[in-house]
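Enquirer: Got a structure here, written out as C-alpha cells. Questions coming.
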C-alpha cells in the first residue's frame, strides 16, 4: 500500500495539517512590524556551528520506549529486534537506516517536559515558554525568533513549516517573520507561476502590471497614521512576489520520483526533500519545522493503521535520506537535525488498550549534524523507562525544552539570553525565561 499524506489527529482532536493553508501564515501577516528594542542580558558566547535547523516535530508525543530509548520488555513484539552497538540500543526493525548513522547520531535519554497535555506541550516545544492565554500574542515560535535574528536578503523566507496546524507563528514580531507553509508535492507550488491570462510570458506581464498598480494604490495607506498593518501586508506580499516566476525558487519545491522513493511518499518524507532543496539553495531559509502526526497512540500502538511500525518507517526514511543527501553536498555539518515530540509516553508494560498514555517525566530526543558530536548517548533511564537514572551532563538535572531551545539558538549563533522590551503590553519578552540568570542553558555536552 502506498503511504499518503492523510492528516492524523491526536487525542485532543487536533489535525497536524490540511492542504487549505495559505502560502504563508497569512492570518498574522497584518500584525505590526515592530522594531523591537533588544538587550543582551549576558552577551552569551554562542557556538555558531550551524546555519540551518530541521526540526522534526513528532506531533502527539512519541514513546521513548519505542523510539530512542528501547527496553527489553515483554510488551515488545517479537520482531522489534533491539540491538546493542557501543553506547546505543536501537530497534533494527524500527530504525534500520538510522542505525547506519550511529557515528553521527546523538541520543538524549535524560530529557523531560513540563506538560502532559498536547496543546500545552506543543506550545512549550514550539516556544520554550509555558502557555499563558494573556501572553499568547507575545510568545512567538522559536523559528520566528530565529528568523528575526538571522534573516538575510534571500528569496526564501527564513522560517518554513510543513504539515502542521496549531503553529504559534511570529505573533508580535510581525508578518515578515511568519512561517511559509507550503505544500510538499512533486509538482511544487503551481501558483508560483501561472497562465491565467494566456501564455506564461503574457500572464507574467499582466500580473506585473497589476501588482505595480496595487503598490501605487497602497502607497498612501502605508504612509498614513496607524500604518503598521499596511506596511506588514506590503512586506508580506512583496516577499511572495519575489518568489513568483523564478526558476530557482520553483525548483526548490519540486522533486523527483527517485527522491520520493528514498525519503518516502509521505508528508514527513516530502517535507524533508523540500527542506534539503532549500538548504542546498542557500537562499534565505534557516528554520524548517516538519510535523509528523500520529504519535498519540493510546490504543493498539503496534497494530493500528498508523502504528509504531508505520511512523518509525516514515521517520527512518526521511531522517536517514536527509542526512545522506546533506553529507553528499557538504551541508550536513552546518545543518542541525532535531527529532522530538512534546512529551514521552507511559513506561513499562502497555496499558489495557495495548497503547501508551502521556508521560512528561521522561522523553528521548535525537540530534544529528550542525556541529554536534555524534556517536554518543547522553543520559539514561531505568529498566522500565520510568525515571532518569543518569542525567549525563553538567546541569545535573533533566534536560528541558528551554535547554533544547537554548542549544538550537546557540548552534545558530543566537544569544539565548536576549529579551525584547518593546512588546504590545510593554512586558519584557525573554527568548528563554530564566536564561539570563543561568536557570536554563545550552547543553554544551552536545558539542563534545
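Enquirer: Please list 254-261, 234-241 highest first by mean number of surrounding beta-carbon atoms within 10 Å per residue.
Expert: Values: 254-261: 14.1, 234-241: 17.9.
Answer by packing, highest mean first, reads 234-241, 254-261.
Enquirer: Taking the alpha-carbon centroid of each part, what is the distance from segment 397-423 to segment 268-321 in angstrom?
Expert: Measuring centre to centre over Cα atoms gives 24 Å.
Enquirer: Rounded to the nearest angstrom and ordered from largest down, what semi-axes does the equivalent ellipsoid of segment 378-448 get from its C-alpha gyration tensor (root of 5λ)?
Expert: Working: eigenvalues 167, 38, 16 Å².
Value: 29, 14, 9 Å, ordered largest first.
Enquirer: Note down the nm distance, to one decimal, between modelled labels 7 Å out along Cα→Cβ at residue 202 and at residue 103.
Expert: In this crude spin-label approximation the distance works out to 5.8 nm.
Enquirer: Mind jotting down the distance between the C-alpha centroids of segment 341-362 and segment 78-124, whole Å?
Expert: A separation of 14 Å, based on Cα centres.
Enquirer: Within a 10 angstrom radius of the beta carbon, how do 426, 93, 186 rank from fewest other beta carbons to most? Before the final figure, lay out the partial values.
Expert: On the way: 426 7, 93 18, 186 14.
Ranked by crowding around the Cβ, least crowded first: 426, 186, 93.
Enquirer: Counting other beta carbons within 10 Å of each residue's own, what order do 71, 45, 418 fall into, fewest first?
Expert: Values: 71 19, 45 9, 418 22.
Exposure proxy ranking, most exposed first: 45, 71, 418.
Enquirer: In Å, what is the Rg of the alpha-carbon atoms in segment 231-286, and how long is Dmax?
Expert: Answer for segment 231-286, Rg first and Dmax second: 13.5, 43 Å.
Enquirer: If you project the alpha carbons of segment 324-436 onto their three principal axes, what span does each projection cover, largest first, in Å?
Expert: That gives 51, 45, 29 Å along the principal axes, largest extent first.
Enquirer: On C-alpha positions alone, give me the angle between the axis of helix 228-243 and the longest principal axis of the chain, in degrees, nearest 10.
Expert: Helix 228-243 sits at roughly 80 degrees to that axis.
Enquirer: Follow-up. Using only Cα atoms and rounding to the nearest 10 degrees, what angle (0 to 90) does helix 267-281 make with the longest principal axis of the chain?
Expert: 60
Enquirer: For segment 253-363, what is the convex hull volume of the alpha-carbon atoms per residue, in Å³? The partial results should precede the final answer.
Expert: Details: hull volume 12.6 nm³, N = 111.
Per-residue hull volume (Cα only) is 113 Å³.
Enquirer: Ratio of Rg to Rh for the chain, alpha carbon only, Kirkwood?
Expert: 0.97
Each value in this text was obtained by applying a stated rule to the coordinates, not by laboratory testing. Nothing here was measured: the structure is a model prediction, and the numbers come from that model. Here the Cβ is made from the backbone with ideal geometry for all residues, glycine too, and neighbour counts use every protein chain on show.
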